[in-house]
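Chemist: Provided herewith is a single structure, encoded as C-alpha cells, for subsequent inquiry.
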Ligand SMILES: [Zn+2]
C-alpha cells in the first residue's frame, strides 16, 4: 500500500508543538481531514555529531514493544514527505522554537511518521523522569548529583516519582511543577499542554479560566491551580496501570544499566587489554542484532543463570547493547492525558504513554563515560552539607 502523502497538505496546516533531542513534533490544524485530524507529524532532526540512525522507527515499533506493553506506546505510520515541503515547514516554525535549539529538521532525507496527538485531551502532562535508581555504592541519584552541581534549584528526585509510595510520588509531582513555575527547569522535564497548546507556567491559571475549567473567582491563585493539577495527576499516576508502567520503566532502566558505564568500561579494558580507547570502533546495532539482544535479555531476566554468554567479546557486545538501550529508557518521556481536573481518582481508565524511545548513537559511549565521571567528581568535591541522600527502595516484587 502506498504511503500517505503529507505534502497534499499545506505546511501551514501543521503547528509546532515541541521537540526533543532527536525529533520535532507538529500537530495538524488544517481543514477537517480524517487522515490527519488529531494526529501529529514526528520528524527526524539533523544530529550534529552522528549520521541519521537508520531504522529509528522500526526500532520503536518492533523492538520496544517486546519490553513495554503496547497499550502504553503510540502507533506510528510512515508517510511521504519532500525536501521542499519540509523546508517550508522548517521556515514557518523557526520563530516558535526555543532559541537555544540550534539544530534543524532533516530536510535532505525526508522521512516522518504520523502518530496520535497525545496533547489533544483537556490537559496533557509530559514528564521526563530521568534515572530511576541509585548507582552502585552511591547515596545520591544521578539526577540529584547533576542538579546540585549545575545549581538547579529543583528539589525533584526521580526516585520519589518511581517509589510506588503515594506520598513520595506526590512530593515529586509538586517539585516538578514548582521547578517549571520557578523557571529553573532547564532540564525540561515537566511540560503542561492544555487542549493541544503548550501552556507556559505563568499562563496555566489564565488559560484554564478562559476555557471555563476554573472558576475565575475561586481559582485565581496559581497555588490553587498547582494543587488541582498535581492532585489530578497524582490520582492518575497511582492507578494500578500507571504504577505498573512506572515499575516497568524503572526495571528496564536499572537492569539494562547493569552496574553502570564504569562497569562497562572495565569490561572493555579487560577485553582490549587497555590497548583501545573506550568505545572506539563500535558499530551501531542493526535491527537483527537488537532483536537477538532483547531475546537474550528477556531470557536472563527470567532465569539469570540460563544463558551465560561464554566468549568474552560476545559478553562485551551484550553489555554495550544493554547500556545503550538503558540510555533510551533513561531519556524517554511519560505522557499523561487528563480529561478533567479533579482531586478524586477518575473512574475513566488513565491514558499514559511512553514516548521518545529512539535508539541512541553508539558513538556517544565515550562521551557518556566522561560525563559520568565529571558529575561524580564534581559532586564528590561539594561540601558534605550540600549533599543529598536519595532513597532507592526498589523491590521487584511490588
Ligand atoms: Zn535523587
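Each value in this text was obtained by applying a stated rule to the coordinates, not by laboratory testing. Only a predicted model underlies this, so the values are computations on that prediction, with no experimental measurement involved. A quick note on method: Cβ atoms are made from the backbone with ideal geometry, for glycine too, and the neighbour counts reach across all protein chains shown.
Chemist: With contacts defined as alpha carbon pairs under 8 Å and 6 or more residues apart, what's the relative contact order of segment 4-116 in percent?
Modeler: The normalised contact order for segment 4-116 reaches 35 percent.
Chemist: With a cut-off of 8 Å between alpha carbons and a minimum separation of six or more residues, what is the relative contact order of the chain in percent?
Modeler: 21
Chemist: A further question follows. Please give the residues of segment 353-382, grouped as numeric ranges, whose backbone N is less than 18 Å from a label point set 7 Å along the Cα-to-Cβ vector of residue 120.
Modeler: Within reach of a label on residue 120, which here means backbone N under 18 Å from a point 7 Å along Cα→Cβ, segment 353-382 contributes 353-355.
Chemist: Rounded to two decimals, what ratio of Rg to Rh does segment 4-116 give with C-alpha atoms and a Kirkwood Rh?
Modeler: Reported Rg/Rh, Kirkwood definition of Rh: 0.95.
Chemist: Something else: Roughly what % of DSSP beta bridges within the chain run antiparallel, to the nearest 5?
Modeler: Looking only at bridges with both residues in the chain, the antiparallel portion is about 95 percent.
Chemist: While we're looking at this one, here's another question. Sorted by average packing, counted as other Cβ atoms within 10 angstrom per residue and highest first, what order do 279-288, 256-265 take?
Modeler: The most tightly packed comes first, giving 256-265, 279-288.
Chemist: 222 nm [θ] for the chain, helices only, -39500 (n - 2.57) per DSSP H run of 4+, per residue, to 500?
Modeler: That calculation yields -11500 deg cm²/dmol at 222 nm.
Chemist: Taking every pair of Cα atoms in the chain, average 1/r, invert it to obtain the Kirkwood radius, and report Rg/Rh to two decimals.
Modeler: 0.96
Chemist: Along each principal axis of its Cα atoms, how long is segment 100-198 end to end? Whole angstroms, biggest number first, please.
Modeler: 46, 32, 26
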